[in-house]
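Visitor: The structure is given below, and queries will be raised subsequently.
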Amino acid sequence: MQKLGDFKLPHFFNYPPYFTLQPVRDTREKQVQLWKDLILDYCKTQKIFVIGLEEDFALFSNPVIERSLSHEAREAFLSALVSEGRAEWLNKGHRKCLILWHRVQDWADIIFRFVKDNGLEDSVMTVEEIRSGIESRGTELHGIDRTILMRALRVLEQKGKLAIFKGTSADDEGVKFSM
Amino acid sequence: MRRRPGIGGLQTAAAARDQYRLVGENVAKIRTDMMKEQLATFRTQLEEFARKHKNDIRKNPAFRSQFHEMCAKVGVDPLASNKGFWAELLGIGDFYYELGVQIVEICLATRPHNGGLINLQELCILLHQRKSDREAVSEDDCLRAISKLKVLGSGFEVISVGKKKLVRSVPTELNKDHNEILELAQAQGFVTVEEVERRLSWTSGRAIDALDTLLDEGLAMIDDGHRDGKRRYWFPCVSSNSTPVADT
């Protein structure tokens, strides 16, 4: 079986017609479903948060069978993810797409557990610390996309679990947990 | 016999008839008894055979197929009923019913991918993956199980296309044109309109019409990604390495 790094590619990735948007509804639904699963699965294992439609993305082409997805097909598959709440367009032109292999709510739960597990219930951390600090090393939060992290933090903020405030340096924000 | 007039003559005739009937009944009875005896012997022999080779019948697909052949020759269908002594002895009925259910499951699971038409070989491979620790299953077994499914009227059927056998689980009627295209596609897994026209000497309309039908039925998928820019029609049911196993 073909592999991308340590990621096992599914069989359909080697079957040329899956790289062409299918005109028949039932066939297309199946095709879109397979691609959605593949994109989410791949992004999760490779920790990819943003896919640029115009950029090189490993899944968008398969050199072995000399096929690549058209722009239309890329947009169709990502739009299907967006409509399920598993992705979001980052701009109106649909050029960049945020992939939510965990929904924002699930990310919020992960942060909640992370804080509990590390006894940080009443402490203060910077957003950068959560993303790349020692505490988060080895957890799913390590290296998380900043946009997603902020969205998840806002969810917790609305529930009164923490407060976000401007830090001393202009480019970082602080988080005061109160769980 | 000289016919004698009078009551005496009639009585003699009646008595003779009775005698004849008695003898006839006796003969018939002896025949039936003999027949019964023979059947009983046959049955015990067959039972003994089945008992002796029970494991072979269960485990060895080639032996199983020969056993079926033998049964067919003597006019016994071990699959006709699950209540007979065959079922009790061999569980052979259960074997095929179970196989039938698994075939239905696989056909349903792969239908979105292949449109309800699956290569018999591939079906066997998928069956093997399911029952890795179980007895081997041959194509012959699959064919038997499928023939039993026909009773349900669910449209399960085996069609021959070229050298391959395909199992159809949707009520789509494939006409001769479609079959010829499927046969042509076996070489590479796909065809182009041009190829169909050239190889089968069809008009362009006829080829496109048949391909469109196959596409609508979910049996074909289009591929516009090749360098030469010609649209290819792929048929998942004839290309064996394409079935996604993990996601079914």
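Visitor: Just need a number here: residues in segment A:3-35 that are within 23 Å of the chain's Cα centre (by Cα) and either more than 11 Å from chain B (Cβ to nearest Cβ) or of a type in the set (A, V, I, L, M, F, W, C) (or both).
Guide: 12
Visitor: Separate question: Among the strands (runs of 3 or more DSSP E) confined wholly to segment A:48-152, which include 2 or more residues that are under 21 Å from A:LEU162 (Cβ atoms)?
Guide: Here the list reads A:124-126.
Visitor: Condition first: under 27 Å from A:ILE51 (Cβ atoms) and open to solvent by less than 60 Å² (accessible area, probe 1.4 Å). Now tell me which residues in segment A:107-126 satisfy that.
Guide: A:TRP107, A:ALA108, A:ILE110, A:ILE111, A:PHE114
Visitor: Just to be sure, is A:LYS176 farther than 29 Å from A:GLN33 by Cα, in contact (Cβ under 8 Å) with a residue 24 or more places away in the chain and not in a helix (DSSP H, G or I)?
Guide: Here the answer is yes, as A:LYS176 does meet what is asked.
Visitor: Does B:GLY225 fit the bill of being touching a helix residue (DSSP H, G or I) at 6+ places or on another chain (Cβ under 9 Å) and facing chain A (nearest Cβ under 8 Å)?
Guide: Considered against the rule, which asks whether it is touching a helix residue (DSSP H, G or I) at 6+ places or on another chain (Cβ under 9 Å) and facing chain A (nearest Cβ under 8 Å), B:GLY225 comes out as yes.
Visitor: Would you tally the residues in segment A:54-95 being more than 14 Å from chain B (Cβ to nearest Cβ) and in contact with a strand residue (DSSP E or B) (Cβ under 7 Å, 6 or more places away or on another chain)?
Guide: Here the count works out to 10.
Visitor: Suppose the filter is within 25 Å of B:ASP140 (Cβ to Cβ), open to solvent by 50 Å² or more (accessible area, probe 1.4 Å) and not β-branched (Val, Ile, Thr); does B:ASP33 pass it?
Guide: Answer is no for this residue.
Visitor: Select, from A:LEU59, A:LEU81, A:LEU53, the only residue that is within 16 Å of the chain's Cα centre (by Cα), at pLDDT below 90 and surrounded by 17 or more Cβ atoms within 10 Å (Cβ to Cβ).
Guide: Within the list A:LEU59, A:LEU81, A:LEU53, the selection yields A:LEU53.
Visitor: Could you go through segment A:23-45 and let me know if any residue there is free of Cβ contacts under 8 Å to residues at least 60 places away in the same chain, among the aromatic types (Phe, Trp, Tyr), touching a strand residue (DSSP E or B) at 6+ places or on another chain (Cβ under 6 Å) and over 22 Å from A:GLY143 (Cβ atoms).
Guide: Scanning segment A:23-45 turns up no residue that is free of Cβ contacts under 8 Å to residues at least 60 places away in the same chain, among the aromatic types (Phe, Trp, Tyr), touching a strand residue (DSSP E or B) at 6+ places or on another chain (Cβ under 6 Å) and over 22 Å from A:GLY143 (Cβ atoms).
Visitor: In addition: Mind telling me which of the residues B:LYS163, B:LYS148, B:LYS131 ends up being over 21 Å from B:PRO236 (Cα atoms), modelled with pLDDT under 85 and open to solvent by 40 Å² or more (accessible area, probe 1.4 Å)?
Guide: Sole residue among the options that is over 21 Å from B:PRO236 (Cα atoms), modelled with pLDDT under 85 and open to solvent by 40 Å² or more (accessible area, probe 1.4 Å): B:LYS148.
The values are calculated or read from the model by the stated rules, or taken from the named source; none is laboratory data. Predicted, not measured: the structure shown is a model, and the values here were computed from it. A quick note on method: Cβ atoms are made from the backbone with ideal geometry, for glycine too, and the neighbour counts reach across all protein chains shown. Ligands, DNA and RNA are stripped out before the accessible areas are found, and what is left, the full protein with its side chains, is counted by its heavy atoms. Shrake-Rupley method; radii C 1.70, N 1.55, O 1.52, S 1.80 Å.
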